[in-house]
Structure formats: structure tokens, C-alpha cells
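Structure, as C-alpha cells:
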Amino acid sequence: MIDDRLKKLAKILINHSLDIKKNDLFMISGGIKAAPLIKEVFEQSLEIGANPFIRTGFEGLAEIFFKKASDKQLKFVSPISKLEVQKIDAKLAILSPENTRNMTNINPKKQSISSIAQQPIQDIFLKRAANKELRWCITQYPTQASAQDAEMSLLEYEDFIFNASHVTSKNPIEYWKKIYNEQEKIKKLLEKKKKLHIFAKNTDLTIKVENRKWINCYGRENFPDGEIFTGPIENSAEGHVTYSYPAVYGSRLIEDINLWFKKGKIIKSKASKGENYLKTMIKMDKGSQRIGEFAFGTNYGIKKFTKNTLFDEKIGGTIHIAIGLGFPETGSRNKSSLHWDMVCDLRKKGEVYADNELIYKNGNFLLQ
């Protein structure tokens, strides 16, 4: 996979997604499989004059940790990790799984204990990000495991990632800036609205968004990108949602998720596969029982479900509703150690009404 497209991807990440500058303390994290991209990003950031450092690991460590760690170890917060998030100027996380289901048989309660313990570090990260003190981005390096999940060959999956990222465009950075301008029109429409009513197959859900900020995503925190999101008013969700695709979290695949809301809180949940895990995660803390994010997927170049949330939540014509943590920059006050994105397809007979006006039908905005 070491080809010109990889160099272009690194260039976009450095110059557009993270805007790396001279003297930046820059953390690059990723698995061994992502070494070619890590090297490219490392080299290009050095040429700019930044101070990059690497945090890498290999598959299996998390599994060992959750199987062997005592409660005390699960609750331990590393002062080194805390110092890093307090000091870095930018962070790039490169996903490169070798086995996308390696955590399937781990006790979910142990994962919950660890997630809650790491909340102080997450809070520092979110506060610094909201204050524009810390730039961050998550991207994907193609691996056989991810290609298999997507039911593609590795070569097909590489093409899928590069095409979704538009690295072969004449000027990829200008392309993503153009996306920003196009999505600003949608953002301005949504910012005037107080209440959204979503209809889809086995879905009838209302949320309130008055005075909440909508965020235009165009290749900064996620790459590739394509979404517009907000944090709904915490006690406003009413109704029922059926998620169209399996939801992936903690290297687990949960199928046919149904959630019922009353006064913003999940009052009932069902799944055909992984229901115990779903219920355990929902009970993680008070915030995990509420919606932290509501978003429209706007990348119409991504059409296929791949069992990878980074891509699936961006599918043009879908929405995703995350339970748990809300992002402070939206005005959300929902705090949680969980943030779980789940996708609902609106491309067939889906509708969204804003203040009783139809603004979205069959996966497309109805802009004037």
C-alpha cells in the first residue's frame, strides 16, 4: 500500500485535518499494521518543524488487560496519559485492527469500570478540544480484518478508503473546503430550528435542539468525513428508534437495536444479538442513558455499510444518534464515559420535520 495516495493522505491529515505547525507537540498513535502511514505522517510533520512522537501497540494487549486486571488496575489512571493530554497540541489516532472482534468475549462490566475511571482524562481532552487548545483526528488504515468486515478484498478496501477521502482529487484540501461551504447552508437551516421529528422504518422520534450549536464536519476531527451534528437537549427525546445497521462498539457487533425514550431517557432496549452487552453499556452511568449526539451523514460517496463506524456514520442519507457523551462545543451538558454512535438509514421512506416543516426526505435535504 506504499504508493502516492498514501503520501497524499498524510499531507491532508497534516495540513488540513490537524493544521500542524512548527513547534507543535504532536502525538501519533496507531498499531503496527499502520506503520507505513505513521512513517509518512511522522516525516512530513518533522519537515514542518513540529515535534512528533509515537504511541504504538499491537493486537491482544487490551484483551490481556481486561482478562487479567484487578478492579484496582481497571480503575488506575496513568499520570503519564493525563500529562500527555494536558500538554499535546495535536493528536492523530490511526485505526488499523487485525481482528475486529477480539473483545467479543470480554466481560462488559470490566470495560465499563475502566471507561468510568478514564473519565477525568476524557474531560480534559474534551475541554481543551472545545477551547481550540487541542486539535485531533481519527483516520483508518486499511487492514485485512476491516476489509473482511466490509466484504471486500484488501485492494478494494484500499480504493474505498482513498476514494472516500478524495485523495486522488486534483486538490483534495480544496475539495474538503468546498464541502465545508456546501454544508454551511444546511447548518444555517438547522440552527433556526427548535424541534426535530424523525420518521423511518419502525422509527418515530422527536428531539429538541433549540439554542444548540450545529457542527460542520469536513475532514478535521474525522477523516474521511461528512456529517453535521449537534447535542440535543438532554431531557427532550421522546419515542422509538430502530437502528438500520448493526452497531459496533468495543470490538463487538450488536444487531437489531431498538431503543425507546421518555423525557430524554432510555426506558427500554432490545437487540437480537448482544442484548446483554447493550444493556450493560446503557447502565454505565446516568449520561449513558441519554442522547449525546444527533447527526446527519452527508458523504454521498460512501454508500455501503462496512461495520466501521468511522465510515458508516458518514453515509449520505443516514442519521446517527449516539447515546452517552455529548460534545461541549454543541452546548450539550450530557456527561458520560460512553459515546456510542448508531446509524439509521433514511434513504427509503425516511423523513425529518423541523418545527413541523418537512426539511429532509429519502436521504436528502430539501433546501430552498
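The values are calculated or read from the model by the stated rules, or taken from the named source; none is laboratory data. Note that the structure is predicted; figures quoted are calculated from it, not measured. Glycine also receives a Cβ, built like all others from the backbone with ideal geometry; neighbour counts cover every protein chain displayed.
Scanning the stretch 305-354 for residues that are among the charged types (D, E, K, R) and either buried (at least 23 other Cβ atoms within 10 Å of the Cβ) or part of a loop (DSSP other than H, G, I, E, B) (or both) yields a count of 9. Only residues that are without any contact (Cβ under 8 Å) to a residue 24 or more places away in the chain, outside any loop (DSSP other than H, G, I, E, B) and not small (Gly, Ala, Ser) were counted across the stretch 211-270, and they come to 5. Of everything in the stretch 53-67 that is within 24 Å of the chain's Cα centre (by Cα) and not hydrophobic (A, V, I, L, M, F, W, C), the residue that is nearest to Asn105 (Cα to Cα) is Glu63.
Just need a number here: residues in the stretch 44-72 that are in a helix (DSSP H, G or I) and loosely packed, with under 14 Cβ neighbours inside 10 Å. Total meeting the criteria: 8. For the stretch 197-210, the set of residues classified as in a loop (DSSP other than H, G, I, E, B) and at pLDDT 95 or above consists of Val209, Glu210, listed by residue number. Restricting attention to the stretch 293-301, does a residue exist that is out of contact with any Leu (no Cβ under 9 Å at 6 or more places or on another chain), modelled with pLDDT under 95 and over 18 Å from Ile228 (Cβ atoms)? Within the stretch 293-301 (the criterion being out of contact with any Leu (no Cβ under 9 Å at 6 or more places or on another chain), modelled with pLDDT under 95 and over 18 Å from Ile228 (Cβ atoms)), the answer is no, since none of the residues qualifies.
Remark: Glu156 falls outside the filter, which requires a residue to be within 20 Å of the chain's Cα centre (by Cα), farther than 30 Å from Asp24 by Cα, surrounded by fewer than 19 Cβ atoms within 10 Å (Cβ to Cβ) and of a type outside the set (Lys, Arg).
Return yes or no: is Lys194 assigned by TED's automatic domain parsing to the domain that holds Trp340, surrounded by fewer than 16 Cβ atoms within 10 Å (Cβ to Cβ), at pLDDT 95 or above and closer than 30 Å to Gln111 by Cβ? Against the criterion (assigned by TED's automatic domain parsing to the domain that holds Trp340, surrounded by fewer than 16 Cβ atoms within 10 Å (Cβ to Cβ), at pLDDT 95 or above and closer than 30 Å to Gln111 by Cβ), Lys194 does not qualify. Residues in the stretch 88-112 that are surrounded by fewer than 19 Cβ atoms within 10 Å (Cβ to Cβ) and either in a helix (DSSP H, G or I) or free of Cβ contacts under 8 Å to residues at least 12 places away in the same chain (or both): Asn105, Lys109, Lys110.
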